[in-house]
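To keep things clear, I will list the structure first and then write my remarks on it.
The values are calculated or read from the model by the stated rules, or taken from the named source; none is laboratory data. Treat the numbers as computed from the prediction; the structure is a model and nothing was measured. Positions of Cβ are generated from backbone atoms using ideal geometry, with glycine treated the same way; all protein chains shown enter the neighbour counts. We work out accessible area using only protein heavy atoms, side chains counted, and drop any ligands, DNA or RNA first. Shrake-Rupley method; radii C 1.70, N 1.55, O 1.52, S 1.80 Å.
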Amino acid sequence: MFNEKYIFHGTIIDTPDPSTLRIRKQHICTVNKGKIEIIKPADSLNTVDVYRDYTIIHLSESQFICPGFVDLHCHAPQYRQVGSATEVPLLQWLDKFTFPNEARCADLSYARNLYTKLVSRLLRNGTTTVQYFATIHLEATKILADICQEKGQRAYIGKVCADRNSPDFYIETTEESVRHTEEFINYVHRMEKGRDIAEMKALIHPVVTPRFVPTCSLDLLVQLGQLAKKYDVHIQSHIAETADQVAFVHALHPDVGNGRDVAIFNQTGLLTNKAVFAHGVYLADDEVDHMIASGSAVASCPIANFLFSKGITAIERFRRKGLKVGLGTDVGGAYSSNMLPVVRAAVFGNRTMDFVSIDRSIAALPEFPEHKDPDIDFKFAFYLATLGGAHALNIDTHIGSFEIGKEFDALLVDCNKDDQAFDYWSEDEKEVEESLEKSSPYSPRTCGRGSFQYGLILSIMFIAYTFFVGGNYQTFSKFYFSFLKFEKFKLSNEDASWGMILFWLSSSVGRFLFAIISIFLSVNICLSIIWAGALCLAAAWLTYVWIVGLSSMSLFLLGAITGLIFSPIFPLSFGYFNQRLNVIPMLLGLLLCGTALGAMSSNKIAGLVMDHDPNHFPTLLAIWILMATLLYIASHLVYFCHRRPSTDTGRECVNEEEKGVMMEITNKENK
Ligand code: GUN
Ligand code: FE
């Protein structure tokens, strides 16, 4: 799929920031060579010339696309033991179960089989980017890199380094550890998708990976720091994870950086802006500041933290301070290789803050804290699993959300599959759709509904135009009152100026009123109502003046109604144009200003004509009506010509391969 061109048509969901779930319904996203070219409302889809060579994929009502998950911390060999024996403390768990299990990857056919299953499983789970710990074995680690390349998963892979505090069967010398790490870096950089000039575009990346401080001598850490610098590559390790680990580090290095992980990594050149450290549950505030200053990031693994850390990463506080944070499964120190349970656990973890310290042995109710909205809700957690993770790896300009120029790294989710774990309610879908249909993209209601900036700018312009820019009040007042000065009606100038005020006020009120009405009705319905109203009024006015005659009272009323009805036509017409063509808000602003200029010019011309002979007024009015008619017809014609002839391919899902991996989540709880 990488070299082909696609148009995805349907619902696009992402989280551009932690508090925004952006749902773009009925949108198109065009993808060329794996990159997003255009995202815009489907209304403006124009296949006639530009998109002829694109394959269209129409998403059904129950489908949507969202960004692929980024798993910042996954131990590939531990897929075989995922979540097992996690009742014991971390250091015991490593000794008794994990090191023996990881050592099995010395057998390359075992490793190949295991890693093939793991990468396929993660892709099926919707994880398109993973930062892996492999094992200390160079050849098995190369196999993992090959499999990721072959299956098209973006992978940051580390050969694990451990030259002490490890069992005899799973340890390396310092020299071996450094040499093999360097060999692995060179191996990846020689892979087809392992290196390019911009680096970010590579699919497979080598990561310098000291397992954690206890298994690495200071000498090894220093040499790994030098390697990371020499090749300018990523770094990963564990940091401040559990009480036993923190105590062990302190016992090993009482004199180095006060026995703290952050200081030790810093002193050995491993605290860089390309480093991601797992956990960080026991980080002190000054250590967080230190990490922020270095540009390094934290991979929070909430499920593993529940099991081993007896605490959670203070995700929200870290982010507020400015630390980059994403999420990791921490397979197999946690139950799931799937990011969805991790997203949920991030929400749970944050909730526990509210109640873990409450003493329930006494009557606890009076001590319950007041309800406050949680710091981490589903939007925040989804952000962490997508754009937040990408930010931690410094590839947020590249993947993690849907923006023009980014890679189309996406999942196709179908909420209505036979074998899924929940039921699908299509009525809910319709309700959302109806409420969206009612509001126009020019209304303040659109703000926050996916087109925040777009809706906001248009709304501000529309309202500003309503009050300040609309200059055509003079046109009609001049028409009216020049005409009124004509002898046969015998009205004084004073009457005329009151009429002008009334007209001016009603013009503004009319525009404002329709700005509000267009929140609830679509622009074209508003336009049709107002246009029909204006036509009736014009007919009534001509009949009244020429057949019945005028009184000053009826003229004032007529002036007011005319202002109310005619004045919104121009802004609505241009709003409608924009809705159909989806021009940029700036262009719409120019068009609106253009209407004011046009109105002022026609005012001048009309004034000259009227001064010359007031009897021309009906002719001018007829010309104006003709112009409004043409505008109305033109806007419909433009829409009609731009409507895309639909060619449903009937395809459900484009499958993986290369970048722009498109996955189908079946909503099953995967292992
Ligand atoms: N610290 C060092 N190694 C590991 C590991 O494999 N899992 C976890 N959770 N922590 C570690
Ligand atoms: Fe880990």
Practice task
Please enumerate the residues belonging to region 316-329 that are in contact with a Phe, Trp or Tyr (Cβ under 9 Å, 6 or more places away or on another chain) and open to solvent by 10 Å² or more (accessible area, probe 1.4 Å).
Solution key: 316, 319, 324
Practice task
For region 189-203, state whether one or more residues are crowded, with 20+ Cβ neighbours inside 10 Å and assigned to a helix (DSSP H, G or I).
Solution key: no
Problem - residue 68 out of contact with any helix residue (DSSP H, G or I) (no Cβ under 7 Å at 6 or more places or on another chain), closer than 17 Å to residue 332 by Cα and among the small types (Gly, Ala, Ser) - result: no
Practice task
Scan region 370-393 for residues that are open to solvent by 10 Å² or more (accessible area, probe 1.4 Å) and assigned to a loop (DSSP other than H, G, I, E, B) and report the count.
Solution key: 7
Handout entry: Selection count where residues are part of a helix (DSSP H, G or I) and within 16 Å of ligand 2 (Cβ to nearest atom), scope region 106-137
Key = 2
Practice task
Would you check which residues across region 83-135 are among the hydroxyl-bearing types (Ser, Thr, Tyr) and either closer than 19 Å to residue 305 by Cα or open to solvent by less than 20 Å² (accessible area, probe 1.4 Å) (or both) and list them?
Solution key: 84, 86, 98, 115, 127, 128, 129, 132, 135
Completion exercise
Residue pairs within 8 Å by beta carbon, gap of at least six or interchain, first lying in region 183-196 and closer than 11 Å to residue 207 by Cα, second of a type in the set (Ser, Thr, Tyr), listed first then second, are 184/141; 185/231
Practice task
Kindly provide the set of residues from region 63-82 that are open to solvent by 10 Å² or more (accessible area, probe 1.4 Å) and within 16 Å of ligand 2 (Cβ to nearest atom), ordered by number.
Solution key: 79, 80, 81, 82
Handout entry: Residue within region 239-259 that is within 16 Å of ligand 2 (Cβ to nearest atom), assigned by the TED database to the domain that holds residue 74 and at positive phi present
Key = yes
Practice task
Read through the list (1) over 27 Å from the mean Cα position of the chain (by Cα); (2) open to solvent by 20 Å² or more (accessible area, probe 1.4 Å); (3) more than 16 Å from ligand 1 (Cβ to nearest atom); (4) free of Cβ contacts under 8 Å to residues at least 40 places away in the same chain, then give the number of the only condition that residue 260 fails.
Solution key: (3)
Exercise for the section: May I ask you to verify whether residue 289 is within 26 Å of residue 353 (Cβ to Cβ) and away from ligand 1 (no atom under 14 Å from the Cβ)? Expected result: yes
Practice task
Six or more apart or on different chains, Cβ under 7 Å: which pairs go from a residue in region 317-328 that's assigned by the TED database to the domain that holds residue 344 to one that's within 16 Å of ligand 1 (Cβ to nearest atom) and part of a helix (DSSP H, G or I)? Could you list them?
Solution key: 327/342
Problem - So residue 296, is it within 16 Å of ligand 1 (Cβ to nearest atom) and hydroxyl-bearing (Ser, Thr, Tyr) - result: no
Exercise for the section: Tell me, yes or no, whether region 72-82 has at least one residue that is more than 30 Å from residue 244 (Cα to Cα) and in a helix (DSSP H, G or I). Expected result: no
Practice task
For residue 281, state whether it is at pLDDT 95 or above, under 28 Å from residue 267 (Cβ atoms) and among the hydrophobic types (A, V, I, L, M, F, W, C).
Solution key: yes
Exercise for the section: Search region 83-105 for residues being in a helix (DSSP H, G or I) and acidic (Asp, Glu), and hand back the single one that is nearest to ligand 2 (Cβ to nearest atom). Expected result: 102
Practice task
Name, by its number, the condition in (1) on the phi < 0 side of the Ramachandran plot; (2) buried (at least 18 other Cβ atoms within 10 Å of the Cβ); (3) within 16 Å of ligand 1 (Cβ to nearest atom) that does not hold for residue 171.
Solution key: (2)
Fill in the blank from the handout: Within region 242-257, the count of residues that are among the aliphatic types (A, V, I, L, M) and more than 15 Å from ligand 1 (Cβ to nearest atom) comes to 2
Handout entry: Subset of region 210-225 [away from ligand 1 (no atom under 15 Å from the Cβ), within 19 Å of residue 251 (Cα to Cα) and not in a loop (DSSP other than H, G, I, E, B)]
Key = 218, 219
Completion exercise
If we keep only residues of region 230-255 that are of a type in the set (Gly, Ala, Ser) and over 29 Å from residue 201 (Cβ atoms), then the residue surrounded by the most Cβ atoms within 10 Å (Cβ to Cβ) is 240
